[in-house]
Amino acid sequence: MLNLDTHILIHALNDTLTPREKRVLSKESWSISAIVLWEIYKLHQLKRIVLDIHNSEFVLLLSRIHIWELNFQVFKSLSKLDFKNDPADEIIAATSIAYNCPLVTRDKHILRSKVTPFFR
């Protein structure tokens, strides 16, 4: 199972992944941190993304993705992070640490981490 950051999920939904990302995502099931749902809603609300979040296809797709809840295990993992970034990005990376679930991201700040598990 892979943990997708917000922008990777958006690129997947918009079919704008790189060829490598497509290969990676085609081999594993997907998961997201619950904070990704909030980020997608906020980006939609601010009109920074064009996704119909009320569309039944969008809702169906989300029902097929495992959603990691925000819990004490994730929050404890925040103390293990070796980078500072947007709080949502920190929670997404901490989720990967808490569940040892490889993160798929393009974020250069997160990718510098030595403690976050990534899909290689």
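Residues of region 75-107 that are hydrophobic (A, V, I, L, M, F, W, C), surrounded by 22 or more Cβ atoms within 10 Å (Cβ to Cβ) and part of a helix (DSSP H, G or I): I91, I92, A93, A94, I97. When the helices (runs of 4 or more DSSP H) confined to region 1-60 are screened for residues that are modelled with pLDDT of 95 or more, on the phi < 0 side of the Ramachandran plot and over 16 Å from the mean Cα position of the chain (by Cα), those reaching at least 1 such residues are found at 19-27.
Assess whether T18 counts as being closer than 15 Å to F119 by Cα, loosely packed, with under 13 Cβ neighbours inside 10 Å and of a type in the set (S, T, Y). In short, yes. Can you tell me how many residues within region 62-74 are surrounded by 16 or more Cβ atoms within 10 Å (Cβ to Cβ) and either without any contact (Cβ under 8 Å) to a residue 24 or more places away in the chain or more than 23 Å from E28 (Cβ to Cβ) (or both)? So the count comes out to 0. Could you please let me know if R112 is closer than 18 Å to E21 by Cα and not β-branched (V, I, T)? Answer is no for this residue.
The values are calculated or read from the model by the stated rules, or taken from the named source; none is laboratory data. It should be emphasised that the depicted structure is a prediction, and the values quoted were computed from it without experimental measurement. No Cβ is skipped: glycine too gets one built from the backbone with ideal geometry, and neighbour counts run over all protein chains shown.
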